[in-house]
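A.B. asks: Please find one structure pasted underneath; my questions will follow.
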4 protein chains.
Amino acid sequence: MPITPDQQAEIDALRSQPRQTLRAVSEGMEAHLYKAIPVLDHGFVRVIDYMGDDAAICQAARVSYGKGTKSVQNDEGLIRYLMRHWHSTPFEMCEVKLHVKLPVFVARQWIRHRTANVNEYSARYSILDREFYIPEASQLAAQSVVNNQGRGAALTPAEAARVLDILKGDAARTYDHYEEMISETSPEGEAKQGLARELARMNLPANIYTQWYWKVDLHNLFHFLRLRADAHAQYEIRVYAEAICKVVADWVPAAYGAFEDYRMGGAVLSAKGLDCLRRMLKGEVVTQETSGMSKGEWREFEGVIDR
Amino acid sequence: MPITPDQQAEIDALRSQPRQTLRAVSEGMEAHLYKAIPVLDHGFVRVIDYMGDDAAICQAARVSYGKGTKSVQNDEGLIRYLMRHWHSTPFEMCEVKLHVKLPVFVARQWIRHRTANVNEYSARYSILDREFYIPEASQLAAQSVVNNQGRGAALTPAEAARVLDILKGDAARTYDHYEEMISETSPEGEAKQGLARELARMNLPANIYTQWYWKVDLHNLFHFLRLRADAHAQYEIRVYAEAICKVVADWVPAAYGAFEDYRMGGAVLSAKGLDCLRRMLKGEVVTQETSGMSKGEWREFEGVIDR
Amino acid sequence: MPITPDQQAEIDALRSQPRQTLRAVSEGMEAHLYKAIPVLDHGFVRVIDYMGDDAAICQAARVSYGKGTKSVQNDEGLIRYLMRHWHSTPFEMCEVKLHVKLPVFVARQWIRHRTANVNEYSARYSILDREFYIPEASQLAAQSVVNNQGRGAALTPAEAARVLDILKGDAARTYDHYEEMISETSPEGEAKQGLARELARMNLPANIYTQWYWKVDLHNLFHFLRLRADAHAQYEIRVYAEAICKVVADWVPAAYGAFEDYRMGGAVLSAKGLDCLRRMLKGEVVTQETSGMSKGEWREFEGVIDR
Amino acid sequence: MPITPDQQAEIDALRSQPRQTLRAVSEGMEAHLYKAIPVLDHGFVRVIDYMGDDAAICQAARVSYGKGTKSVQNDEGLIRYLMRHWHSTPFEMCEVKLHVKLPVFVARQWIRHRTANVNEYSARYSILDREFYIPEASQLAAQSVVNNQGRGAALTPAEAARVLDILKGDAARTYDHYEEMISETSPEGEAKQGLARELARMNLPANIYTQWYWKVDLHNLFHFLRLRADAHAQYEIRVYAEAICKVVADWVPAAYGAFEDYRMGGAVLSAKGLDCLRRMLKGEVVTQETSGMSKGEWREFEGVIDR
């Protein structure tokens, strides 16, 4: 339960003071502002600010194409055209600022997406809270045997119980030690110096929660979502991406629809794959041996056309 | 006079429909929205959208410093601290989208600032208007003799008149030819093929106007303004930067004040410069010969401490 | 013929002094270094420096996957896997620096690719040469009637001749005027002030040549090549991209092969496209009406599976 | 002692095979290639590849300034001019690729510098080694009382001993548990499923070592070094920055000299600071009260002119 009564009161206060603006307004996004969408056991995503809407994407596109646009297209058709033809700059004209609370090991994956602005909670200045991600037992799985990264079969209940014991025990102990190190009172109640926070934090494991403001344009957000809402992404980051997907669907419904069709639900075929496909459509029986592909490529190709 | 009655009507319409929002609102920026600020003879800058205000900068900074901030500082003090200590990420949390109409040779300088999003009018799709930047006679100056880039003494009236004749004449002729090439009717009134726009545009000189949407965060905008509102910048881009400075001063007054004090009005001293300064403050008479600096460096150093 | 005897002598001198290095060396790239590959009538591309080779891509990938890589793959297989799965960071570990001479209207398209480093010849400091791109008559085509950007049917010989007359005449006249404006002697032989270069340049048309150093990593170069070596790109930038493709094929043959198969020769299918495809492979006759696609999408889909 | 005999043998092998190249070669950098410079207790920095040298910076600058450069300057003078006037693009024409082994909490600070390419060891694919940063006792200090981030007085020997006990104990225990969780054999020697690596890693504290390839251009590297080799940077990242400073000094001695003088050893004065300075140079006694500065600003100003 990540939202405290104090936080809820703050959210309510922020939401109780509408003001007038002449800017583009997305009603779908106004409904989200400041509210926290729970993710994992202590995390959340919430929208702090946004710029633009579906109409703003079209407006920017029409600056580029000006009077050269032959036929008047409706906004949705134009947005689908832009997405299909990789015209990314109009999507860059929308921007969103999110407040995210997330485990450190998720933050480390997330930050690899460099084209975004970040303000993270500083453990040099401030003291981290005692909040750790402890997976649900159902999420505990063995190392995959077909995929070098990723999860395979579920652990047995006994195996899962042992893992949870370890995670909970180490989280509690390392945090106790963190507090002891930075404390200015010894366990015996005597005055002592507190270790600098920038040093003490090194004892904390990667499932502790951090938080940040993350600001990104819609084009780069779609790129993030394509990779992180994908079935191959680690579950713990995927749930954040999925929460954001729902927000984006409310913010820019036409752009999100095009994204779902052309990116999330689409697939890239190689030159070899296209060649096989054309042969198959003409009635030829193509096998891995006659495809020119490696076994791995063929398996993935079959996944694309059969699933 | 860059604004036509049609454009003014469009601006009035956009400004006549305030809507409610829960986002941060900058009243100073609301007053600017959609209005065109004239720049040069046919150019303008106008604000299309914005995100954030002074308070949003502080809010982002407080995420980072959290409970570690010892004393409650007022927003202005915090913003000055951030600017002084090069903490750039909170300023990245504000964003602005401008519509700019500008000569192509100015656009070519401007685009070197890469950390921004751009949608430019496409001369492949569309036909450029017959609008050229023709400098005022008072702006016509000779190549500087002390600075390899830049302007020196004013031209004589006769020299200036000849330059304006050339610029006007070539603009008119090349645009006539552009129109002739793309036209589907010959000068004699017969049907002919129109040359592809993507080819015909190559005949147009660099003082023709283009336009774009330009979106940038406040940190990168400050960097742009520091370089382009500087006295060494070419006049024709400086007037755009100065127009934007006024907009930013209304948008985020505290951040703009800190920017003026620490960036625009400040100066960087080298290790050698600091050494000279300390010696001078102790009463030593330091000359170029005893400074360890080259003549050019010394001249610039004198400019910093004397002006 | 873009290379003067002086330039050739400089190239020969640079190529005559091999030195020893412990870095990764690509023999294919060593053969290109400093040589100018002619493009258009006065342009060129030449390699000034490079970093990395196919093995460096694999080495970087193996840092990431470390001991987790189950089976030892050969380099080519690993590179194909990385390309297929959009693992872009290992390709970012290679870098190339090119010297390019190109018309200004091509430079304006090129510079939109922001993730690169650029040093362009400055017309504020220096005087541009009298070199203009004049298309071959065979390249002169009408505005396309099916595509809002792009070229359609060839011009007639008479139409083409008129266009070439215009382009040549305006190039000569505007350059004469440029020279006159910056000159410190009047046409009558008397002393006069020369207009500042930063102003005089505005009279020059977009087919004048400029030049720059352009440095980019291999991942971003592939992105550039996919868009600019594509059949839909304007001919005048496509020929530069094609020249660079040949250089890259010699530099990193395995990576270039994977790029050709998965990017240049591949295609993206939408969710709707995949659905149609699966139905067709099962024997169903699918038409635009039963596809769920718009006419434009269907036409493009047919292009992908039939061509 | 971070280098194993196997690693040393690999370095020796890489250094034993010089090859010929026509590229720019920096002898200072050739001497560094592949060798590991030890940092902290188990970390290192080593140069894997580089592009360019001092001459390459000048060559790129001369492309921009071309024939407009009035006087022939020597390379060092030109480089100092570029640095002094914030002409950053020529410095972007040099690139370096480093292999760095570093604690995770240092990596988290480092990665905030976004304009670089990174390939990090993946704990989803691979198993992390049992290597933790344990500070030297002399590095253990209390939270600063004058600076919200940073260190103050040294801990007492007893306090330090307790901290080291905690850090060592928790590192050993959490790593034992990490191994147990991923193991396919139970402590009792029976077969069990191994927890997926992507989950097990969450138990590891922030002082465990990771490693990456980090590639950056010289301009952005200087920006990194200015912030991270600064006295206010955390010691554990500063020692990496200092090690890199020495490498850069050998690679591009002229550029590094200019960087030391204008960036590392220089200081920025605000408009208010410059005003005070000019008054002081004219003999006025200026105090905080008459300076127009806040107490914090005045203290920093005094530091700049007195130190």
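The values are calculated or read from the model by the stated rules, or taken from the named source; none is laboratory data. The structure displayed is predicted, hence computed values, not measured ones. As a convention, Cβ positions derive from the backbone with ideal geometry for all residues, glycine included, and neighbour counts pool all protein chains shown.
A.B. asks: Sort out which residues of the range D:16-59 are at the interface with chain C (Cβ under 9 Å from one of its Cβ atoms), over 20 Å from C:GLN17 (Cβ atoms) and buried (at least 23 other Cβ atoms within 10 Å of the Cβ), and write them in order of number.
C.D. replies: D:ILE48, D:ASP49
A.B. asks: Sticking with this one: When the residues of the range B:129-146 are filtered to those that are among the polar types (S, T, N, Q) and surrounded by 14 or more Cβ atoms within 10 Å (Cβ to Cβ), which remaining residue is nearest to the other protein chains (Cβ to nearest Cβ)?
C.D. replies: Once the filter is applied, the top-ranked residue is B:GLN143.
A.B. asks: Could you grab the pairs with beta carbons closer than 7 Å, sequence gap of 6+ or different chains, first residue in the range B:101-126 and closer than 21 Å to C:THR115 by Cα and outside the structural domain of B:TYR240 (by TED's automatic domain parsing), second one crowded, with 21+ Cβ neighbours inside 10 Å and among the small types (Gly, Ala, Ser)?
C.D. replies: Once the first residue is closer than 21 Å to C:THR115 by Cα and outside the structural domain of B:TYR240 (by TED's automatic domain parsing) and sits in the range B:101-126, no partner that is crowded, with 21+ Cβ neighbours inside 10 Å and among the small types (Gly, Ala, Ser) comes close enough.
A.B. asks: Would you check which residues across the range B:84-97 are in contact (Cβ under 8 Å) with a residue 40 or more places away in the chain and either out of contact with any Asp or Glu (no Cβ under 8 Å at 6 or more places or on another chain) or not assigned by TED's automatic domain parsing to the domain that holds B:LEU225 (or both) and list them?
C.D. replies: Residues satisfying the conditions are B:SER88, B:THR89.
A.B. asks: Looking at the range D:165-198 only, could you name the residues that are facing chain A (nearest Cβ under 9 Å), without any contact (Cβ under 8 Å) to a residue 40 or more places away in the chain and under 29 Å from D:ALA36 (Cα atoms)?
C.D. replies: Within the range D:165-198, D:GLY169, D:ASP170, D:ALA171, D:THR174 meet the criteria.
A.B. asks: Now for a different question. Give me a count of the residues in the range A:199-226 that are part of a helix (DSSP H, G or I), of a type in the set (A, V, I, L, M, F, W, C) and touching a residue at least 60 places away in the same chain (Cβ under 8 Å).
C.D. replies: 4
A.B. asks: Check B:ARG124 against each of (1) more than 7 Å from every other protein chain (Cβ to nearest Cβ); (2) in contact with a helix residue (DSSP H, G or I) (Cβ under 8 Å, 6 or more places away or on another chain); (3) among the basic types (Lys, Arg) and name the one condition it does not meet.
C.D. replies: For B:ARG124, the failing item is (1).
A.B. asks: All but one of (1) surrounded by fewer than 16 Cβ atoms within 10 Å (Cβ to Cβ); (2) in contact (Cβ under 8 Å) with a residue 40 or more places away in the chain hold for A:ALA161, so report the exception by its number.
C.D. replies: All conditions are met except number (2).
A.B. asks: Would you check which residues across the range C:83-141 are of a type in the set (Asp, Glu) and in contact with a Gly (Cβ under 7 Å, 6 or more places away or on another chain) and list them?
C.D. replies: C:GLU95
A.B. asks: If you don't mind, another one. Tell me, please, whether a residue that is over 19 Å from D:LEU128 (Cβ atoms), buried (at least 20 other Cβ atoms within 10 Å of the Cβ), in contact with a Ser or Thr (Cβ under 8 Å, 6 or more places away or on another chain) and not assigned by TED's automatic domain parsing to the domain that holds A:HIS232 can be found in the range A:195-207.
C.D. replies: Checked against the condition, which is being over 19 Å from D:LEU128 (Cβ atoms), buried (at least 20 other Cβ atoms within 10 Å of the Cβ), in contact with a Ser or Thr (Cβ under 8 Å, 6 or more places away or on another chain) and not assigned by TED's automatic domain parsing to the domain that holds A:HIS232, the range A:195-207 yields at least one hit.
A.B. asks: Which fully enclosed helices (runs of 4 or more DSSP H) of the range A:1-111 have 1 or more residues being more than 16 Å from the chain's Cα centre (by Cα) and closer than 20 Å to B:VAL216 by Cα?
C.D. replies: Counting at least 1 such residues, we get A:54-65.
A.B. asks: Identify all residues within the range B:254-293 that are more than 23 Å from D:ARG263 (Cα to Cα), away from chain D (no Cβ under 11 Å) and crowded, with 16+ Cβ neighbours inside 10 Å; write none if there are none.
C.D. replies: B:ALA254, B:ALA255, B:TYR256
A.B. asks: Do the conditions hold for B:VAL96, that is, is it modelled with pLDDT of 95 or more and over 30 Å from C:PRO157 (Cα atoms)?
C.D. replies: Taking the combined requirement at face value, the residue satisfies it.
A.B. asks: For the range A:164-181, what are the residues that are buried (at least 20 other Cβ atoms within 10 Å of the Cβ) and more than 30 Å from D:GLU188 (Cβ to Cβ)?
C.D. replies: Result: A:TYR178, A:MET181.
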